[in-house]
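Working notes, beginning with the structure itself.
The values are calculated or read from the model by the stated rules, or taken from the named source; none is laboratory data. Just so we're clear, the structure is a prediction, and the values are computed from it rather than from any experiment. Cβ: placed from backbone, ideal geometry, glycine included. Neighbour counts: every protein chain shown. We work out accessible area using only protein heavy atoms, side chains counted, and drop any ligands, DNA or RNA first. Shrake-Rupley method; radii C 1.70, N 1.55, O 1.52, S 1.80 Å.
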Amino acid sequence: MEILTSIEKVRETLAPLRKEEKTIGFVPTMGYLHEGHLSLIEKAKAENDYVIISIFVNPLQFGPNEDFDTYPRDFKRDEALAEKTGVDFIFYPSVEEMYPQQMAMKIVVEEGVDVLCGKSRPGHFDGVATVVLKLFNIVSPTKAYFGMKDAQQVAVIEKLVRDFNLPLEIVPCPTLREEDGLAKSSRNVNLTEQERKEAPFIYKSLQLAEKLIHEGEKDVQVIKETISQLLLENMNGTIDYVEVLSYPELKPISHLEGKIIIAIAYKYSKARLIDNIVLTCNI
Ligand code: AMP
């Protein structure tokens, strides 16, 4: 496994592989790797000749009062995990390498960001789209792998690829969970013992919603209220949002029909947790 810290080195290393028509799978991450990341890497390995991951905590996608400074980082640990999982290259740039000067322009995501994390975190997806476009231009992968845990991010990236005619395929991957249902996340280490105990109620409430829908519930409001009630009764943080929208359009709906997303964001003092399920409802 090779660690590449400069853009030039990434280009120099990957160009000959591309010339030989080798396929390159790319997994962008912010590091502090867990099994969720590793499942993306494994899928990329199964589908490509080479796998490159990036580890970069992108300042552009964090708001002024968010957790950029406290976001967990441990490169040595990540390096060992990546090596064990069979990663070929890690792109590990500094902030200066990615943003050597103030950018003269920026991407503004116009669609699908007036809801969910786009609404709670203004500018977040502009920062995500900007860094992902830069990373795609640096790596030029055949396929890039993204987790459905960040379903809104997947929807934004798919539109980025469509709108800018980027020559690669986006592969959405399922959410990996702890045994008690909590979605794996680098931020889980910032939970207190009590918060960690309560956190599985996020997924429990999503499962309860799914059960109600299977039993015939059609009213979005009932689903939202049932989820909120379960969270309020069992958790001591604050609900950021509980939303039910069409997917991937992310438009408000009043009746449960077609493909939908049920999404939750929940705030504790040092960690904001998100989770969702996407399902198809009978029409
Ligand atoms: P992050 O390092 O949090 O930016 O995540 C990097 C990639 O891993 C993103 O595409 C995430 O959606 C994905 N990811 C994060 N957590 C999980 C998980 N629990 N299961 C599957 N993919 C995940």
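With respect to the stated conditions, Val189 is surrounded by fewer than 17 Cβ atoms within 10 Å (Cβ to Cβ), assigned to a helix (DSSP H, G or I) and within 16 Å of the ligand (Cβ to nearest atom).
The number of residues in the range 149-180 being under 17 Å from the mean Cα position of the chain (by Cα), away from the ligand (no atom under 11 Å from the Cβ) and either part of a loop (DSSP other than H, G, I, E, B) or over 22 Å from His124 (Cα atoms) (or both) comes to 1. Taking the criterion of being away from the ligand (no atom under 13 Å from the Cβ) and under 14 Å from the mean Cα position of the chain (by Cα), would at least one residue in the range 113-120 satisfy it? Checking the range 113-120: at least one residue is away from the ligand (no atom under 13 Å from the Cβ) and under 14 Å from the mean Cα position of the chain (by Cα).
Applying the selection to the range 228-260, what residues are open to solvent by 50 Å² or more (accessible area, probe 1.4 Å), among the polar types (S, T, N, Q), without any contact (Cβ under 8 Å) to a residue 24 or more places away in the chain and farther than 23 Å from Glu193 by Cα? Within the range 228-260, none qualify. For beta carbons closer than 6 Å, sequence separation of 6+ or different chains, a first residue in the range 261-281 that is open to solvent by 30 Å² or more (accessible area, probe 1.4 Å) and a second that is among the acidic types (Asp, Glu) and at pLDDT below 95, there are no qualifying pairs. Of all the listed residues (Arg11, Arg18, Arg73, Arg77), the sole one being open to solvent by 80 Å² or more (accessible area, probe 1.4 Å), within 15 Å of the ligand (Cβ to nearest atom) and outside any loop (DSSP other than H, G, I, E, B) is Arg77.
Taking the condition of being in a loop (DSSP other than H, G, I, E, B), over 22 Å from the mean Cα position of the chain (by Cα) and surrounded by 12 or more Cβ atoms within 10 Å (Cβ to Cβ), how many residues in the range 89-102 meet it?
Looking only at that region, the number is 0.
Scan the range 105-142 for residues that are of a type in the set (D, E, K, R) and surrounded by fewer than 17 Cβ atoms within 10 Å (Cβ to Cβ) and the total you get is 5.
Among residues of the range 29-49 that are more than 9 Å from the ligand (Cβ to nearest atom), those with a beta-carbon under 6 Å from a residue that is among the basic types (Lys, Arg) and part of a loop (DSSP other than H, G, I, E, B) at least six positions away or on a different chain give the pairs Asp49/Lys22. When Gly216 is tested against the conditions (1) part of a helix (DSSP H, G or I); (2) free of Cβ contacts under 8 Å to residues at least 40 places away in the same chain; (3) open to solvent by 40 Å² or more (accessible area, probe 1.4 Å), the lone failure is (1).
The condition (being among the aromatic types (Phe, Trp, Tyr), surrounded by 22 or more Cβ atoms within 10 Å (Cβ to Cβ), more than 8 Å from the ligand (Cβ to nearest atom) and under 21 Å from Val132 (Cβ atoms)) is satisfied by just one residue among Phe26, Phe56: Phe26.
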